[in-house]
1. Within the range 327-349, how many residues turn out to be without any contact (Cβ under 8 Å) to a residue 60 or more places away in the chain and either part of a loop (DSSP other than H, G, I, E, B) or closer than 18 Å to residue 294 by Cβ (or both)?
2. So if I check each of 287, 239, 311, which one is assigned to a helix (DSSP H, G or I) and either surrounded by fewer than 16 Cβ atoms within 10 Å (Cβ to Cβ) or in the same structural domain as residue 359 (by TED's automatic domain parsing) (or both)?
3. With more than 20 Å from residue 69 (Cβ to Cβ), modelled with pLDDT of 85 or more and either crowded, with 21+ Cβ neighbours inside 10 Å or over 28 Å from the mean Cα position of the chain (by Cα) (or both) as the only criterion, which of 164, 193, 210, 178 stands out?
4. Go through 424, 428, 386, 440 for me and flag whichever is more than 24 Å from residue 316 (Cβ to Cβ), at pLDDT below 90, crowded, with 17+ Cβ neighbours inside 10 Å and out of contact with any helix residue (DSSP H, G or I) (no Cβ under 9 Å at 6 or more places or on another chain).
5. Take the residues of the range 350-383 that are part of a loop (DSSP other than H, G, I, E, B) and in contact (Cβ under 8 Å) with a residue 40 or more places away in the chain: which is surrounded by the most Cβ atoms within 10 Å (Cβ to Cβ)?
6. Based on what the data block shows, is residue 307 at pLDDT 90 or above, touching a strand residue (DSSP E or B) at 6+ places or on another chain (Cβ under 9 Å) and farther than 24 Å from residue 264 by Cα?
7. Return yes or no: is residue 346 surrounded by 16 or more Cβ atoms within 10 Å (Cβ to Cβ), within 28 Å of residue 272 (Cα to Cα) and in contact with a helix residue (DSSP H, G or I) (Cβ under 7 Å, 6 or more places away or on another chain)?
């Protein structure tokens with residue numbers, strides 16, 4: 001089955017065909033480790049992790065490159081403030097990032113495909129010189145700049161022309177530039193800053209040229225997929241195209257592209273707001289992974305299409321935990337006391353493929369797995385193990401790889417004074433049974449169902465929020481409402 005992907009450059013979905021099958025070459029813009037990584041970073045990387053897995057399922061040989069921007073203004077500023085070496089700062093944050101990467105179960109990256117920008121200074125300088133030779137770059141008092149006005153195709157990725165960008169975009173003003181849209185290729189060093197010698201003066205590379213040079217050096221002038229978060233479309237990816245495509249050695253106009261597909265992950269909100277330290281809702285991903293099951297976080301992201309905006313809330317992660325437990329329960333019933341052996345073919349995989357082939361529709365793929373999980377378990381052991389193998393294989397394609405822990409029945413634990421606390425929160429309107437925690441929760445769920453049938457949404461939300469404060473998360477589905485102990 002062929003895969004169709006949305007291409008940001010064409011703003012449409014196309015059948016994915018590798019330039020040199022069966023080899024697929026992917027470049028994804030990696031972390032700038034001058035601060036803690038947040039969950040928004042990992043939403044993008046989880047999407048490309050699933051893409052890598054699925055391309056391998058389609059029998060492609062995948063080369064995945066993800067760079068490290070190991071020199072930037074923020075790490076230099078932090079070094080000046082703290083006295084710590086800028087390289088030590090970068091490696092500290094990147095070490096934490098890689099630990100979170102492993103906890104979330106992302107596929108490893110070969111070291112030769114994890115390039116650090118400062119290891120590619122000669123290639124970066126060579127590319128800058130090529131641009132200067134074509135009169136697309138110039139030397140100014142504070143560095144070397146790309147001359148945007150010399151590129152009539154500038155804006156092809158973000159679908160904006162130069163006049164619109166000048167009037168509507170937030171462009172850094174610099175008195176030494178020819179034009180506000182021009183961007184730095186090489187920044188001359190200020191006193192005390194790390195620098196490298198160059199034909200134009202000691203300094204360091206600009207952000208955009210780093211990725212262009214590393215992608216070309218490792219993957220070649222043209223490759224299959226370039227990716228990153230949607231926030232990189234402009235200016236970062238737009239500038240990469242501007243730098244790279246004038247240097248391509250191709251003759252036909254229709255083949256004049258750096259990347260065949262541009263794939264972007266959607267933005268992530270945290271409790272309905274953009275993540276920001278000033279808003280107080282920025283939390284390092286390492287902290288979140290201490291509170292939440294990494295697989296529940298992954299499943300939460302899979303429930304929304306990779307390119308769509310989504311909202312990370314306490315309620316949504318608790319609901320994802322419920323959804324994950326349903327999959328685990330089905331796995332236990334299918335597998336019995338023995339982990340299932342993965343099976344690549346069968347009716348379940350066919351339905352799963354039909355969903356995933358349409359722009360990596362993980363939400364629809366999860367629906368296939370949940371529908372399968374709700375069906376009766378085959379009585380014959382041979383049949384049960386066969387479908388368990390397909391189920392296991394499909395879960396692994398989503399990165400929800402079953403392990404021995406999936407075979408263990410979960411423990412439901414709430415504090416001894418749960419019913420007393422719930423009664424104090426709920427008020428006198430609802431009678432709670434003292435016989436068991438489950439009966440008390442069921443009483444509240446029934447009251448909430450009644451409120452929803454009467455379209456009393458305020459009461460429905462009140463009851464849901466009360467349960468959440470008491471440590472119980474609800475999950476509404478077509479089959480009804482279920483509950484679990486809330487994460488965190």
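The values are calculated or read from the model by the stated rules, or taken from the named source; none is laboratory data. Small disclaimer: the values here were computed from a predicted structure and weren't measured. Cβ sites come from the backbone with ideal geometry, for glycine too, and all protein chains shown count toward neighbours.
1. Step one: filter the range 327-349 for residues without any contact (Cβ under 8 Å) to a residue 60 or more places away in the chain, giving 329, 333-334, 336, 338, 341-343, 345-349.
Remaining after also requiring either part of a loop (DSSP other than H, G, I, E, B) or closer than 18 Å to residue 294 by Cβ (or both): 336, 338, 341-343, 345-346.
Adding up the residues that qualify gives 7.
2. Numbers: 239 fails: either surrounded by fewer than 16 Cβ atoms within 10 Å (Cβ to Cβ) or in the same structural domain as residue 359 (by TED's automatic domain parsing) (or both); 311 fails: assigned to a helix (DSSP H, G or I).
Checking each option against the conditions leaves just 287.
3. Numbers: 164 fails: modelled with pLDDT of 85 or more; 193 fails: more than 20 Å from residue 69 (Cβ to Cβ); 210 fails: more than 20 Å from residue 69 (Cβ to Cβ).
Selected residue: 178, the only one of 164, 193, 210, 178 that is more than 20 Å from residue 69 (Cβ to Cβ), modelled with pLDDT of 85 or more and either crowded, with 21+ Cβ neighbours inside 10 Å or over 28 Å from the mean Cα position of the chain (by Cα) (or both).
4. Working: 424 fails: crowded, with 17+ Cβ neighbours inside 10 Å; 428 fails: crowded, with 17+ Cβ neighbours inside 10 Å; 440 fails: out of contact with any helix residue (DSSP H, G or I) (no Cβ under 9 Å at 6 or more places or on another chain).
Exactly one residue qualifies, and that residue is 386.
5. At the first step, the residues of the range 350-383 found to be part of a loop (DSSP other than H, G, I, E, B) are 357, 359-361, 374-380.
Remaining after also requiring in contact (Cβ under 8 Å) with a residue 40 or more places away in the chain: 357, 359-361, 374, 377.
Working: 357: 19, 359: 19, 360: 26, 361: 17, 374: 12, 377: 14.
Among those residues, the one meeting the criterion is 360.
6. On the way: at pLDDT 90 or above: yes; touching a strand residue (DSSP E or B) at 6+ places or on another chain (Cβ under 9 Å): yes; farther than 24 Å from residue 264 by Cα: no.
No.
7. Values: surrounded by 16 or more Cβ atoms within 10 Å (Cβ to Cβ): yes; within 28 Å of residue 272 (Cα to Cα): no; in contact with a helix residue (DSSP H, G or I) (Cβ under 7 Å, 6 or more places away or on another chain): yes.
For residue 346, the condition - surrounded by 16 or more Cβ atoms within 10 Å (Cβ to Cβ), within 28 Å of residue 272 (Cα to Cα) and in contact with a helix residue (DSSP H, G or I) (Cβ under 7 Å, 6 or more places away or on another chain) - is not met.
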